[in-house]
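All of the numbers you see were taken from the coordinates with simple rules; none came from a lab. Just so it is clear, the model here is predicted, and its values are computed rather than measured. Note that each Cβ is placed from the backbone with ideal geometry, even for glycine, and that neighbours are counted across all protein chains shown.
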Amino acid sequence: MTSKAKLLYSKSKVYVHPTPNSKDNIPGFVGLVRPSHAEDSGILVAWVPEDDLKVNHDYDQYVKVDLDENLVLKEALVSTPPPSSFSSYGFSVPIRDIYSIYYKRPSLGWWWGSITINTRGSETLPAIFFHDSESPSTKNEQKKRNKDFDPFSNDGNLYWGGDTFLLYLEKYAKLVNPSGSNNIFLVNPTQEDLDLYSNSNNKVAAKDEEDPFVKVFNDVKWKVLSKLASVTKFSRNTAQQLFDSTPPKVKTLLNIPEVQKVNDDFGSAKVYLAKWALGIAEEAQRSKRKSVYNEGYRKFLKGELGDFELLSIDFESERRNPIGIKEWNAFFDPIGHLVLTVEEVKERIFHGGLQPEVRPQAWLFLLEIIPWVSTDKERKKILNQKRHEYNDLKKLWWDDLENKNHDEFWLDQKSRIEKDVHRTDRSVSFFAEAEVSHPDPNSRFAETGTNAHLEQMKDMLITYNEYNKNLGYIQGMSDLLSPLYVVFQDDAVAFAAFCKFMDRMERNFIRDQSGMRDQLLTIDHLVQLMLPQLYEHLAQADSTHFFFFFRMILVWFKREFAWDDVLTLWEVLWTNYYSSDFVLFVALAILDKHKDIIMTHLNQFDEILKYMNELSMTMDLKDILERAEIQFLNFRKAIDMVDRKRQDMSSSTFLASGSTDYSLTDTEGSKAAKQKLTDHELPNITRDLRNLLSKEIVIVKEVERDPDVGGG
Amino acid sequence: MSHRKKAMLKIVILGDSGVGKTSLIRQYVDNKFSTQYKATIGADFFNRELQVDDHTVKMQLWDTAGQERFQSLGVAFYRGADCCVLVYDVNNPKSFEALKAWRDEFLVQANPRDPETFPFVVVGNKVDIEDNNKRVSTKRAQAFCRANGNMPYFETSAKEAIGVEAAFEVIARNALSQAESEDYNEDFTDAINIHLDSDKSPCMC
């Protein structure tokens, strides 16, 4: 038998959270273990995964000690826990090597209290989380305290699992709680440690005047973050390579209140570290390349205290169930007045979409055919009116066929429409059959036949061609109309809906293609800001024209997702919940999802185009929408931070020294432009980007059509 | 450098919407036909290998949107083409009359080194349809091709797989000789090109 050690204290259901996903959490015990003949300073603070304990049969001992509240157990012998484990996150460290313990109580929004051990070797061990609701000993203690009407621990806070850990540790080590902080405990601190602490306090007070300190602090802060990142699967080696600044003394750092605040903010977001670390990796990688724009962005990220907000991806997005007819009906009172706010309904649709039976009603609102604030009666009236309008419009050309049949443009357009309708969504049951013989025996489709729905589609598109004369029918419109027709199953209503939809889609189709160009350019700016490393790769692959998004943007992903998903996507986009151009964030989300593959394997435009085209019908809409939302929230935050930073700069005389003149292009900056700024170091928030925050749809109308110009 | 063979021949297929560009390519690449290929939006390409004399040629066939306005963003895939195929529907005179405009548009956008000798091939598709009233006659088509730089002319049916292989073999040969002449030219202009390339950097502003 190997030499046994004595287990002095144990607490069950203490977890390491290696990834953001709770199913990856590893349960274990935290314990104090005295190896044979060791003095107090040699006592090991250990965290051992349950699985490891089961292997070496120590499990029962740990359970017993945990439940042994009166310390009747004199001898509980276990194997000495190893300093670290290759197979798990397990660790042990002698008290003499512990510099400090960071101690985070459970709080609202963060249910598990945690402790993090910092060693004298400047190492941060994985944070361990006390899952109080699962630990029998903690539950017993809480019950007992509740019975005594004293749910609080000695320090006045609610009792939690970590309390007893400190209580026991204190038996063997001197714990100093530095003034001004109740989250950090220095373990057996030397006088030097204590001095350092108070000195650094003074320094912090003076930080506004001391630029060098801010620099050191920032370096240190990043160091800490890289350490924290090592908690995750993101390997420490990689993290350290990324931060090639000389490693400062972490112990100095941990005493700084600012850093504690960082830890505070950060503790609650630890689960996101993996994502977060990847974000840093990108930044660091990118910063090695020389580019004025990106260099500035990197500086901005590294140089600001607030950069945490930007990088910590503490946004969540979760899709909800689609709205069913019951839920939808409950949105209205008996006479049809909306009882929720429009914003609430839109939020719900944005996050969940609609069930099929709700669509014929809800889409009328989303497409603003009927106002949200109206009664059933008023809506019926509007729909009747729409039916008349459609019939009148249709009659205009129907009664004029004699003339029309000599109009070359008209004939051209008509045949274009016919060709396209016969190849639009034919797999959808509505359009699949061709059992009716064609009304025009001379039509090129006379042989193949048609059906009533195909004929309705043609009529609607021909009517639109007349209704919006300057634009006319353009390829792609049949793709936009068919879902509307299938959902409403009413040509007049579908036509009204199509006209509304086309209001915002017109810019995609105008002759000079400026609307598409603008959107692809906005994607360019968006990718520069949000996925800078990918952007560089795309630039090297001559692909920053983003042409591979052309089809996706032109018909709103109609060709990329299955029918049902298209319906969901469109109703989400119609809400304009975050942005009337949320469609561009969907594009961004797709790039984000595939960026690793693109950067690793695809080096030329044709390869990238092929890859993107072949994503068609393979993408998971739910996942893409969640990513798109997170991208948007991060984007909004980035803009906010740049604005705030720019404001700080313009109001600070200190920072202005050594800067150059810089004219801002956007409106917010115009009054600051006269001052000397250093904001050439900030990412440029173009007008295109800023417009993405707007919920107002962008309407661009086609110019008047030259009679000599055909429908091409 | 002088004996470098281009790995991939790039061929751009142009023509009015609905003349059967996608169908021709799919018939040639997959031996498939469908009346329900959706209108092409944006661009896509398909690869096929072909034995030309004693070597294997890889072809990248670029399928494009037929509606004119969608061409203005097409520069990205016109560049570096080795051959351009102009397709029309033999039953649709308008699509035939548009060929010249397509040709000019291509030359402007692709900006080949020598527009005079750049190879075009004309394909009249849908010969399976019997419509003698409207039909563009073979004579008329041949005369047009002769008058416009002796472009080779083929009549095909993507639906019945008539003439498709023969057309693409000539397309491949023309593309191959075009690529070889480009290679030859590059030997003299490399020094300049390298210099220009190194100056090219993505605009970040």
Per residue, how big is the convex hull of the range A:345-385 when only Cα atoms are used? Give it in Å³. 70 Å³
As an exercise, find the ratio Rg/Rh for the range B:5-196 from alpha-carbon atoms, using the Kirkwood inverse-distance average for Rh. 0.96
For the range B:104-180, run through the trypsin sites (Lys or Arg not before Pro) and keep only the ones in DSSP coil with at most 15 other Cβ atoms within 10 Å of their Cβ. B:ARG113, B:LYS134
If you filter the range A:361-465 for GluC sites (Glu not before Pro), then keep DSSP loop positions with at most 16 other Cβ within 10 Å, what is left? A:GLU368, A:GLU433, A:GLU435, A:GLU447
Among DSSP beta bridges lying fully in the range B:22-127, give the percent that are antiparallel, nearest 5. 60 percent
Simple spin-label estimate for A:SER84 and A:VAL339 in nanometres, 7 Å along Cα-Cβ: 6.0 nm
Convex hull volume per residue in cubic angstrom - Cα atoms of the range A:391-457: 97 Å³
Given B:LYS32/B:LYS134; B:LYS38/B:LYS100; B:LYS139/B:LYS159; A:LYS419/B:LYS134; A:LYS419/B:LYS159; B:LYS21/B:LYS126, which pairs have Cα atoms separated by over 19 Å? B:LYS32/B:LYS134; B:LYS38/B:LYS100; B:LYS139/B:LYS159
Using the Kirkwood radius over Cα pairs of the range A:358-507, the Stokes-Einstein translational diffusion coefficient at 25 °C and 0.890 mPa s, in µm²/s and rounded to a whole number, is 152 µm²/s
Too long at a 29 Å Cα-Cα cut-off: which of A:LYS377/A:LYS414; A:LYS395/A:LYS695; A:LYS104/A:LYS143; A:LYS381/A:LYS622? A:LYS377/A:LYS414; A:LYS395/A:LYS695; A:LYS381/A:LYS622
Which loop-located GluC sites (Glu not before Pro) does the range B:21-112 contain, where loop means any DSSP state but H, G, I, E or B and the Cβ has at most 12 other Cβ atoms within 10 Å? none
